[in-house]
Amino acid sequence: MTRQGLSKIEQSDHIDDEKLAVIAEALGVPVEAIRNYNEESVVINIQNMNDTSGVYNYNFNPLDKCMELVEENKNLYNQLIQSEREKVEMLQKLLDKK
């Protein structure tokens, strides 16, 4: 969609159902959500929200969480290596029997 096309849609009073469906799909919302959109209620909702001034209280340290994932990845990799070793040993035993 071009900027001109978007501008025409924004300025129009009515949007045909086909274009509305494309816009809704692009936004990931149902068509009815766009049809029932009320700017006034959005402003009221924003005004009623509690302002945390951009301060987020995490209950965990993101770096610690990352390191936990690294350790988990190492453990899974080691399990995979051990499994492959066991498979090689079993195949070696089968070859030795023949």
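Read-outs: derived from the displayed coordinates by stated rules, not from any lab. This is a predicted model, so every value here is computed, not measured. Note: ideal-geometry Cβ built from the backbone for every residue, glycine included; neighbour counts use all protein chains shown.
Work through the residues other than GLU89 whose Cβ is under 15 Å from its Cβ and net out their charges, Lys, Arg +1 and Asp, Glu -1.
Combined, the nearby Lys, Arg, Asp and Glu give +1.
Measure off 7 Å from each Cα along the Cα-to-Cβ vector at TYR77 and ARG3, then give the distance between these two points in nanometres to one decimal.
Here the modelled spin labels are 4.7 nm apart.
Stretched out fully, how many nm does the piece from GLN11 to LYS65 gain, at 0.36 nm a residue minus the Cα gap?
So the chain would gain 14.7 nm between GLN11 and LYS65.
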